[in-house]
Structure formats: C-alpha cells, structure tokens
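Before any comments, here is the structure.
Just so it is clear, none of the values below were taken in a lab; they were calculated from the coordinates. As the structure is a computational prediction, the values presented were derived from the model and not from experiment. Heads up, the Cβs are rebuilt from the backbone with ideal geometry, glycines too, and the neighbour counts pull from every protein chain shown.
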Amino acid sequence: VRAQIFGTTFEITTRYSDLQPVGMGAFGLVCSAKDQLTNQAVAVKKIMKPFSTPVLAKRTYRELKLLKHLRHENVISLSDIFISPLEDIYFVTELLGTDLHRLLTSRPLEKQFIQYFLYQILRGLKYVHSAGVVHRDLKPSNILINENCDLKICDFGLARV
C-alpha cells in the first residue's frame, strides 16, 4: 500500500490501513494507522533511508535493538517492523493520543497530573537505567500520553548502552 504523507511516500504492508500523519522528527515521519490483524490503532514510524550513512544505520540499529528488548509499561514497545522495497524501515508501536510537549503548550497542568506524570517518567527511567541504557534525548516531545494519562517514553535513537 502506497500513500503520500507530507510529500513522502509511505510504503506499508496491507496489514495497516487508514494512514494519518501524526508528526515529523529529524529522522522520521510518524503516522497513525489501523492494524487489520488486531483491529487496534497503531503508530507507524518511517525511518527514511536508514542505510544511507553509517551514522544513520547505527542509530536505527540501536533503536531497534533497544525497542525489542525493553519491556515496561512506561516505555514504548515495538509490535512490528518491516522494510519497504525503497529500503525505508518502518517501526510499528502502540498509538498514544499526544505528547507532553503538546499537552504543556495547550494548558497549565494541575498538581495531581504533574505528580502522576513525574512518577511514571521516573518509573520508566529507573527501568531503562537498570537495563544499562541512557536515553540521551529525554524531552517533553519524547514522552507520549494517552487519554487515561498513561505515559510512555519513546525515541531511543540516541540512546547508549
């Protein structure tokens, strides 16, 4: 299945449909999609030309390796991965509604939300650090939040073991 998103070709398997743009970062583009197998909403992150330089290849490999092994309720989890004929890599993860950056810019947070978010961030970081991993790019836009205020740390491309 091919779709044009922000001028970029998304070439995904038929397992995923209803692509909608969510955001764009320095190394990839994220869309929401429907997983036809599970009937769940998912996030599909396209890593563009991950093999074009040794630095990008290492970054992609590092993120993939970490996402495959890290399993915690406050860390994003990888549910699928595939490579397109154009040699782009797609990571499929759970879809959360927003990120902390968007939430903070939309309105001030009440004390109980600040406490709950901080608690979850620290739980996730404790797990990540106990696994010998340093995130190195923790910022509000790399902290995803769903409608129940459940939080997950994402984007491990710059992480070090």
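General observations
- The value of relative contact order for the chain, using C-alpha pairs under 8 Å at least six residues apart, is 19 percent.
- Between 0 and 90°, nearest 10: helix 111-130 axis offset from the chain longest Cα axis: 60 degrees
- Cβ-based net charge around L158, under 9 Å, with every Lys or Arg adding one and every Asp or Glu removing one: +1
- Checked against a 19 Å cut-off, the cross-linked pairs K68/K152; K34/K58; K45/K152; K45/K68 give Cα-Cα distances beyond that limit for K34/K58.
- The local environment of H72, defined by Cβ-Cβ distances under 10 Å, has a net charge of +3 under the rule Lys, Arg +1 and Asp, Glu -1.
- Among residues other than N148 with Cβ under 14 Å from its Cβ, the summed charge is -3 (Lys and Arg +1, Asp and Glu -1).
- Diffusion coefficient of the chain by Stokes-Einstein, Kirkwood radius over Cα pairs, 10 °C, 1.306 mPa s: 97 µm²/s.
- Tilt relative to the chain, helix 54-69 - C-alpha long axis, 0 to 90 degrees, to 10: 60 degrees
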